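Here is the structure we will look at.
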Ligand code: PEP
Ligand code: MN
């Protein structure tokens, strides 16, 4: 990481970039309010930091020890606020992302979109390519063919426009990157694809915000390290998502996964990227969504991603964890108050 002097000239910045490139690395330039910081992409052992430190205009040059560097708070102390379709993610107010686990029909999606908008949701999310454990279960309308995928994607785009919410859906494989990017505002990387570096690079190059979920067996460090594949492509609009990790022990845990709430403040200390929580997949049961949502906002999450259906028990996928739009409304109103209290406490603390 190279921190330039406050009054460093553009020519001095250029010289440093060229020096980095000569060593076979890429430079990631971040112009802050006060000074320019240059991050290095590649093998830092090939660079002489002692030499860079004495170049004109350079204030400090040192190696960042963590495997993630470009998303490190040390590199860029201000939190990143991601703006998409008028919604700010990572700002002062929590963001509520909601919708059905799977889009089942145009009527289902439009009805849910209308009802969650009334409840106060900001982003419309619906699955079109569903990752499923069994090949015999419903895989999402997108899996039925290109025409069906485009049709479902266009419903999502149209419902988003009609009810004024940016949209999001999961990209399950490399094959779908171009297609999904044509229709949605935010591209979701599911937990199972957290490690899929080739797909992360392809998605990053679409230059759209990415919701990036933690794998259920990944450490926080692994999540942050792999998210850097997106950022290294020059796309810093990454929204991290905690969605629970595998349960421990042999007996029942009574939840689908274990929501790792401490990941939220830890991630906020380590990186400037926003982090949201998905209590739906973590808990896997609707009676816990309210509590886990409140808890997630209490630890400072920038928002929530919740599965909603007007008739939860009839959902084609993940029926056991879907909640009604009315329940979502209750979470949103309590959630806003919790976030306000927490932010006020932080300011006075
Ligand atoms: C989802 O968000 O629909 C999903 C399948 O979640 P995850 O990737 O976290 O399992
Ligand atoms: Mn689901």
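Structural remarks
- Lone qualifier among 166, 77 - being in contact (Cβ under 8 Å) with a residue 24 or more places away in the chain and closer than 16 Å to residue 305 by Cα: 166
- Each residue in the stretch 174-188 was checked for being in contact (Cβ under 8 Å) with a residue 60 or more places away in the chain and out of contact with any helix residue (DSSP H, G or I) (no Cβ under 8 Å at 6 or more places or on another chain), and 2 of them qualify.
- Highlighted here are the helices (runs of 4 or more DSSP H) found entirely within the stretch 209-297 that include at least 3 residues which are within 24 Å of residue 329 (Cα to Cα) and at pLDDT 95 or above: 279-283.
- Residue in the stretch 298-326 that is nearest to residue 212 (Cα to Cα), counting only those that are more than 16 Å from ligand 2 (Cβ to nearest atom) and in a helix (DSSP H, G or I): 298
- One residue alone among 24, 39 is closer than 28 Å to residue 221 by Cα and outside any loop (DSSP other than H, G, I, E, B), and that residue is 39.
- Remark: residue 57 matches the filter, which requires a residue to be surrounded by 12 or more Cβ atoms within 10 Å (Cβ to Cβ), free of Cβ contacts under 8 Å to residues at least 60 places away in the same chain and touching a helix residue (DSSP H, G or I) at 6+ places or on another chain (Cβ under 6 Å).
- Among the candidates 65, 104, 148, 114, residue that is over 26 Å from residue 6 (Cα atoms) and without any contact (Cβ under 8 Å) to a residue 40 or more places away in the chain: 148
- Among all positions in the stretch 42-51, there is at least one residue which is at pLDDT below 95, within 24 Å of the chain's Cα centre (by Cα) and away from ligand 1 (no atom under 16 Å from the Cβ).
- Scanning the stretch 130-153 for residues that are buried (at least 20 other Cβ atoms within 10 Å of the Cβ) and more than 12 Å from ligand 2 (Cβ to nearest atom) turns up 141, 142, 149, 152, 153.
- When 205, 285 are screened for being in contact (Cβ under 8 Å) with a residue 24 or more places away in the chain, over 12 Å from the mean Cα position of the chain (by Cα), within 16 Å of ligand 2 (Cβ to nearest atom) and surrounded by fewer than 19 Cβ atoms within 10 Å (Cβ to Cβ), only 285 passes.
- The set of residues in the stretch 78-128 being surrounded by fewer than 24 Cβ atoms within 10 Å (Cβ to Cβ) and within 12 Å of ligand 2 (Cβ to nearest atom) consists of 101 alone.
- In the stretch 241-260, the qualifying residues are those that are within 16 Å of ligand 1 (Cβ to nearest atom) and over 17 Å from residue 97 (Cβ atoms), and the one that is surrounded by the fewest Cβ atoms within 10 Å (Cβ to Cβ) is 246.
- Given (1) under 30 Å from residue 326 (Cα atoms); (2) away from ligand 2 (no atom under 16 Å from the Cβ); (3) in contact (Cβ under 8 Å) with a residue 12 or more places away in the chain, number of the condition residue 291 does not satisfy: (3)
The values are calculated or read from the model by the stated rules, or taken from the named source; none is laboratory data. None of the values given here were measured: they were computed from a predicted structure. Positions of Cβ are backbone-derived with ideal geometry, glycine not excepted, and every protein chain shown enters the neighbour counts.
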